[in-house]
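Bear in mind that the values in this text are calculations on the coordinates, not laboratory data. These figures come from a predicted structure and were not determined experimentally. Reconstructed Cβ throughout: ideal geometry from the backbone, glycine too, with neighbour counts over all protein chains shown.
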Amino acid sequence: MAEERRPALRIADADRERAVRTLGEHHAVGRLTYEEFVERMDSAYEARTHEELDVLTADLPAVAPAQARPQERRWLVSVMGGNERAEDVVPDETVIVDVMGGSDLDLRGASFPAGKASVTAIAVMGGSTIWVPEDARVELSGFALMGGNSNRVPKGSPSSGPLIRIKAWSLMGGVDVRSGSRRSERRRGLPPPPQL
């Protein structure tokens, strides 16, 4: 007795859209010319079964799904002492913790691959100074109790510099955000950062 052939399963619009996205990825890297992409895209939208869709990508390699880049985080911890760090490449997030100690984080000569960075600074009976590039845009937020957080970066016109978001939490301590050089700070008569 001959085996009965089952009818091909019908596809949904989501299957067609998925196939068109795959064809678009192959066109973007040069495996398909524009004309080939348009022709196969039209065929994908007219397809009724999975077999018809499979034919459109049979001569193309499988596209690996994009892998999400893990977030990079660095720590700067000072407990009853001090730390200084000058970054070459700024990570996605920097966490500074000062407990009866102080930290000096210098981002002025660093590159910002993502065009932005995040800094979380926690000061308990201590403090930190964060140096940023002169063209940086700084957003400072947080809370201070029996202490203070300050943003001394001049507010100028919007620039193409990096965006640095700083969350500062201070208890009997503080976080100071500055730009420029230490020499220029002294020339302008600004007090030096606290030495803890």
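Using modelled amide H (1.01 Å from N, peptide plane; none on Pro or chain starts), what sits under 5 Å from the amide H of Gly174, excluding residues fewer than 5 places away?
Amide H neighbours of Gly174: Gly126, Gly127, Ser128, Gly148.
Would you give the gap between the C-alpha center of the range 115-174 and the C-alpha center of the range 17-35, rounded to a whole Å?
Here the answer is 45 Å between Cα centres.
Please get the size of the charge dipole for the range 76-141, origin at its Cα centre, with Cβ charges of +1 on Lys and Arg and -1 on Asp and Glu, quoted in debye to the nearest 20. Walk me through the intermediate numbers first.
Details: 4 positive and 11 negative charges, 22 e Å.
Magnitude of the dipole: close to 100 debye.
Using the count of nearby Cβ atoms within 10 Å as a rough guide to exposure, how do Ser128, Ser43, Ser141 rank from fewest to most? The partial results should precede the final answer.
Working: Ser128 31, Ser43 15, Ser141 11.
Sorted ascending by nearby Cβ count, the order is Ser141, Ser43, Ser128.
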